[in-house]
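Working notes, structure below.
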Amino acid sequence: MKKPQTTLSRLAIVITVFVVLVIAVLVTLFLLHYFHSEKNAGYMIGVGRADCTSPVAEIPFMGYANPDQTGAGMLSRLYCRAFIIAEPDDWSKRVLYVTAEIGMMSQRLRLEVMKQLKERYGDLYQQDNVILSAVHTHSGPAGYLQYTIFMITGKGLIKPSLNAILNGILESVEMAHQNMTKGHIFINKGLIENSQINRSPFSYLRNPESERLRYSSNTDKEMVVLKMVSDSSEDIGLFIWFPVHPVSMNNTNRLTCSDNVGYAAHLLEEEKNVGYLPGKGPYVAGFASSNLGDVSPNTKGPHCINTGESCENFNNYCPEGGATMCIASGPGEDMFESTKIIGRNIYLKAKELSMKASEEISGPIRSSHEWVDMANVTVQLNATHSGKTCKPAMGYSFAAGTIDGPGVMNFTQGTTEGNSFWDAIRDALLVEPSNETKECHSPKPILIPTGELSKPYPWHPHVIDVQIATIGSVAIVALPGEFTTMAGRRMREAVKSEFESQGKPGMNIILSGLCNIYTHYITTYEEYQAQRYEGASTIFGPHTLSAYIQSFRALAKAIAKDTLPDLPKLPEPVIYNISLNLLLPVLDAKPLGSKFGDIVQDARSKYRVGEVVDVHFVGANPRNSAANMTSFTFLIVEKFDNASRSWQVVHDDASWDTRFIWQKGNWGRSTSQLQWHIQSNTEPGTYRLQYFGHSKELLGSIRAFNGSSSTFEVSN
């Protein structure tokens, strides 16, 4: 009888051990699941989009500084897109990021936005947790920067332009507030080919060979995306950073548009927001710039437009016609096609990265901000040598422009010596730069000593924002200008290294260009010596990059060590009381016996896919519509619905398939041209175009009007 008892006893032991092991495994799995859930609890996420289109007529465009490039219609609307990310258990710990489809962010705009955010949301938003960025389209109105150098080309401070952008930013933020929901953020990265070239390769070659050999290209081809998904697995939004100049539309364009990255955003949103017109719908896709300073989308490279031969030389100079003849072009037959080709390339990569994004971001949200007097920074270059930044100044090659948009009077890139004629003009009209400024900026020959000019207002800022916001393992570095490829690489490495040395390894560093303020370009020290356009436009001198790296390292250290209160504090810059507006008053007139909105050239009776409907109306100045821009459209394309016996809007002026072209005539008369480029997916049927506007005649008030084309048939 003892043997069976021994067997049962052993069996009981085995069963007991097995049960204990199962319980231990289950407890371990539960704990792992619990802590994993806690670690990846996600964030509160809100996204928003709002129209920030400024008046589309007569206001100069911001970017090329071409006085002849004033607005005369619209290819696409301009939008501000915002995301808010907050910690789920403490909503006060948050970051607000806005990307605006404008030329550059201005200090005036940022100060105005912060003032309004304070009034609306109290202390929820501070300088450190709000990042305002610009996509850098060169086809958007100027008039919203408060420093003299920008007001010269922008015809002053134009309140309708400023207010449109300000209100668009605030509305996008409010929409993001209203849409806050629990969700998760995923990061992904990937390379894009055939969408960019380095437009200053001779400057890039000045960088040390050992440094250049670490990279496979003279541009950064990497795109970074942050994908935002709700707890219910619904895509909320996608924010994308990629270094390319939005200059597929060249300096002859006069139609407001968001250029290649704007078209990419349009395609992403169109695909997700089915059934909505452009600029509408819950899904938000926003592109932002990165280290794009020397990066062009004009992939055919520079050629002499009068002879067709290459002008890829150090000065970008043509034997016949000089520098003004050396222009780069994109991959399409014209700038419109090039914009769509580059935009589609960017869209396809962003879509791919979004679909494959699986690395989830988790962790606390932190942010740091500092005002830095960039005209007076001492930089420790190494153990024995230091350098110093300078009062702002523009070099001769600034006036030369680039292969994307040449300058004036055949100034050439790569100029390292001044010219007695232009120096005399400068000294007579402005001021002779001090010897200190000349020596500080060497080898830059100074054309405009902006840091020594203060009438009627300061010509350039010198107190500059530097800022970093971290969302878990992501660090968004808010760059206050256009960093070149290698300048950006050095910044990325420096910030990443600083985080690692302070106990935060593995940070994903996102370079976000043109943030909070505009300070032109930032090159490496070596590139600066070449004094091409980018170096001549590095306004704080040859040690500018080193000064910024020093400042951003300090911000990274403060975040990692939680010593943010110890950062130096300078007074906030002021908002200047500016009344300078050089635009002439609007006065409309119409031909005798006609009305505004009457047809000048009607549509044909029949069209086929691929053709263009082109209708002309008695027009009025689009500036009259400034107060109504965000709730108004200049045109609609309507299709007659047989089932409901009613007209249905299929396109408005936000569509990339329509164009609103304003042709200014004499004595207040004008013509408004409406075009619809019929795409292959257009349904056959009966259509019409309608035109909307506002007129202001002598001694009269602003009045709304509209006109309509005759109906026409579209067939395949």
Quick check: from the Cα gyration tensor, does segment 262-342 come out rounded (a/c under 1.5), prolate or oblate? prolate
Accessible area in square angstrom per residue, segment 564-716, 1.4 angstrom probe: 55
Suppose accessible area is computed on protein heavy atoms with a 1.4 Å probe; arrange 493, 112 from highest to lowest. 493, 112
How much of residue 355 can a 1.4 Å solvent probe reach, expressed as accessible area in Å² and rounded to 10? 140
Suppose all protein chains stay in the model; what accessible area per residue would a 1.4 Å probe give for segment 438-511, in Å²? 27
Could you give the length gained on full extension between residue 584 and residue 649, defined as 0.36 nm per residue of separation minus the Cα-Cα distance, in nm? 19.9 nm
Length gain on complete extension for the stretch residue 159 to residue 680, per 0.36 nm per residue less the alpha carbon to alpha carbon distance? 183.5 nm
Which residues does the label zone of residue 630 cover in segment 172-199, counting backbone N under 11 Å from a point 7 Å along Cα→Cβ? 172-175
Extending each Cα 7 Å along its Cβ direction at residue 313 and residue 442, get the distance between those two points in nm, one decimal. 2.9
Which entry is the computed Rg and Dmax of the Cα atoms in Å for this structure: (i) 33.0, 108; (ii) 28.3, 125; (iii) 27.8, 84? (ii)
In nm, give the distance between the simple-model label positions of residue 193 and residue 419, each being 7 Å from the Cα along the Cα-to-Cβ direction. 4.3
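Carbon and sulfur together cover what percent of the accessible area of the chain at a 1.4 Å probe radius?
Taking all protein chains in place, the chain shows 54 percent carbon and sulfur surface.
How big is Rg to Rh over segment 96-169, alpha-carbon atoms, Rh as the Kirkwood inverse-mean-distance radius?
Result: Rg/Rh = 0.98.
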Axial C-alpha extent at least 15 Å, average Kyte-Doolittle at least -1.0 - helices from the chain (DSSP): 2-39, 159-178, 259-272, 335-356, 485-501, 544-561
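Within the set of other residues whose C-beta is less than 13 Å from the C-beta of residue 183, count the net charge using Lys and Arg as +1 and Asp and Glu as -1.
Neighbour charge sum, excluding residue 183 itself: -3.
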Neighbourhood charge, 13 Å Cβ-Cβ cut-off, centred on residue 609 and excluding it, Lys, Arg +1 and Asp, Glu -1: -2
Rounded accessible area of residue 595 (nearest 10 Å², 1.4 Å probe): 130
Contour minus Cα-Cα distance for residue 306 and residue 431 (0.36 nm per residue): 41.2 nm
Report the calculated FRET efficiency for residue 455 and residue 386 (r = Cβ-Cβ distance, R0 = 56 Å), to the nearest 0.05. 0.95
Ordering 87, 209 by accessible area with a probe of 1.4 Å, largest first, what comes out? 209, 87
Note down the accessible area of residue 473, probe 1.4 Å, to the nearest 10 Å². 30
What FRET efficiency comes out for residue 704 versus residue 68 if R0 is 35 angstrom and r is the Cβ-Cβ distance? Round to the nearest 0.05. 0.70
Order of 224-236, 412-424, 580-592, 322-334 by packing, highest average Cβ count within 10 Å first? 322-334, 224-236, 412-424, 580-592
Would you list 216, 161 from the most to the least accessible area, probe 1.4 Å? 216, 161
Hey, rough spin-label estimate for residue 711 and residue 601, points 7 angstrom out along Cα→Cβ, what's it come to in nanometres? 2.5
With bins of 10 Å, the percent of all Cα-Cα pairs of segment 573-691 per bin from 0 is 11, 36, 29, 15, 6, 2, 0
Highest average packing first - 336-342, 104-110, Cβ atoms within 10 Å: 104-110, 336-342
Classify segment 124-234 as rounded, prolate or oblate from the Cα gyration tensor: take a ≥ b ≥ c as the square roots of its eigenvalues, call it rounded if a/c is under 1.5, otherwise prolate when a/b beats b/c and oblate if not. oblate
Note, residue 418: beta-carbon cut-off 15 Å, +1 each Lys/Arg, -1 each Asp/Glu, net -2
Tell me, what is the percent relative contact order of the chain, built from C-alpha pairs under 8 Å that lie six or more residues apart? 14
Rolling a 1.4 Å sphere over the protein heavy atoms, what is the accessible area per residue of segment 59-155, to the nearest Å²? 25
By the rule of another cysteine's Cβ lying under 4.7 Å, the cysteines of the chain that fail to get a partner are 257, 515
As a test of the formula, what do you get for the chain when each DSSP H run with n ≥ 4 contributes -39,500 (n - 2.57) and the sum is divided by the residue count, at 222 nm and rounded to the nearest 500 deg cm²/dmol? -8500 deg cm²/dmol
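The values are calculated or read from the model by the stated rules, or taken from the named source; none is laboratory data. Since we're looking at a predicted model, the values are computed, not measured. Glycine also receives a Cβ, built like all others from the backbone with ideal geometry; neighbour counts cover every protein chain displayed. The accessibility values were calculated without ligands, DNA or RNA, using every heavy atom of the protein model including side chains. Shrake-Rupley method; radii C 1.70, N 1.55, O 1.52, S 1.80 Å.
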